[in-house]
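The values are calculated or read from the model by the stated rules, or taken from the named source; none is laboratory data. Note that the structure is predicted; figures quoted are calculated from it, not measured. Reconstructed Cβ throughout: ideal geometry from the backbone, glycine too, with neighbour counts over all protein chains shown.
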Amino acid sequence: MATLKDFRNNIKPNWCPGCGDFSIQAAIQRAAANVGLEPEQLAVVSGIGCSGRISGYINAYGLHGVHGRSLPIAQGLKMANRELTVVAAGGDGDGFAIGMGHTVHAIRRNINITYIVMDNQIYGLTKGQTSPRSAEGFKTKSTPSGSIESALSPLEMALAAGATFVAQSFSSNLKQLTTLIEEGMKHEGFSFINVFSPCVTFNKVNTYEWFKENIVDLEETTDYDSSNRVMAMTKIMETHGLLTGLIYQNKQKQSYENLVAGFKQEALAKQNIKMTEAEFEKL
Ligand code: SF4
Ligand code: MG
């Protein structure tokens, strides 16, 4: 059985020392080992940005795609090979600006993949411009007088789009992040995981210290029911989107690929597997 080291390769990440993305890489590797995958059973698809390099740093199938297009590739991959565990990863610019149309539709489509947003509230690779996640008043080279736009709320967006799994974590909390990615991989549907991943080079506002002071962890909340969508939305709004943990999960809704008429039979026929209607229904 594969262990954590089997998901490591010898490529040295060129992220800045202290970048939050290191923890996300480590958490994906740990989660993959913990759920019992072999490297050839995992595919990591990324977009463009500092975050996009992640697919090259994990010993698994990997594809560094084009800007904002990790999700179409990841969904196609899953539909073509349902045996693969597919993880898509990208930054907040990648997923919430150029790729936003794909993000919303992938969420409501509910194909069984895990999407991790490496959210640093800025464009890092292009040296620090305001992203859809930058707060009002945030000053960068592209907004020298401070951003006048409202920041996107990813968790509210995901819930409104019909997500069946919504979680949020923080790069400093490797234990929680690993557990949430494991849960995401096990979830039978689209798993949306937003991760606060500080850009230590260009974002001097949303730092590790800032998150430690402002995050509200669901573990400290009593009487929370993660199957209650209204409660989830209320809690997200009450905490101004700074809630971490498993925020919402709908285990009732079936994944897209399980609802596509004839998909299973066709896939089995291609492998020359014959089974009765009753056996097929049990799948
Ligand atoms: Fe990470 Fe920011 Fe450096 Fe990019 S520029 S590697 S996001 S710290
Ligand atoms: Mg970013």
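Here are some notes:
- Of all residues in region 76-119, those being farther than 30 Å from SER150 by Cβ and of a type in the set (S, T, N, Q) number 3.
- Selection from region 50-99 of residues that are under 14 Å from the mean Cα position of the chain (by Cα), more than 16 Å from ligand 1 (Cβ to nearest atom) and of a type in the set (A, V, I, L, M, F, W, C): LEU71, ALA74, VAL86, VAL87, ALA88
- Boolean, GLU156 is away from ligand 2 (no atom under 16 Å from the Cβ) and either more than 17 Å from SER197 (Cβ to Cβ) or out of contact with any strand residue (DSSP E or B) (no Cβ under 6 Å at 6 or more places or on another chain) (or both): yes
- Cβ pairs under 8 Å, 6+ apart, first in region 91-112 and at positive phi, second modelled with pLDDT of 95 or more and crowded, with 23+ Cβ neighbours inside 10 Å: ASN110/THR164; ASN110/GLY189; ASN110/PHE190
- In this structure, MET233 qualifies as at pLDDT 95 or above, under 25 Å from SER134 (Cβ atoms) and of a type in the set (A, V, I, L, M, F, W, C).
Residue-wise test of (1) surrounded by fewer than 24 Cβ atoms within 10 Å (Cβ to Cβ); (2) touching a Ser or Thr at 6+ places or on another chain (Cβ under 9 Å).
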| residue | (1), (2) |
| --- | --- |
| ALA80 | yes, no |
| GLY95 | no, yes |
| THR114 | no, yes |
| GLY124 | no, yes |
| GLY137 | yes, yes |
| SER169 | no, yes |
| PHE192 | no, yes |
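- Pairs are defined by a Cβ separation below 7 Å, a sequence spacing of at least 6 or placement on different chains, a first member in region 186-212 that is in the same structural domain as GLN121 (by TED's automatic domain parsing), and a second member that is within 11 Å of ligand 1 (Cβ to nearest atom) and of a type in the set (D, E, K, R); the pairs so defined are ASN194/ASP119; VAL195/ASP119; PHE196/ASP119; SER197/ASP21; SER197/ASP119; PHE202/LYS127.
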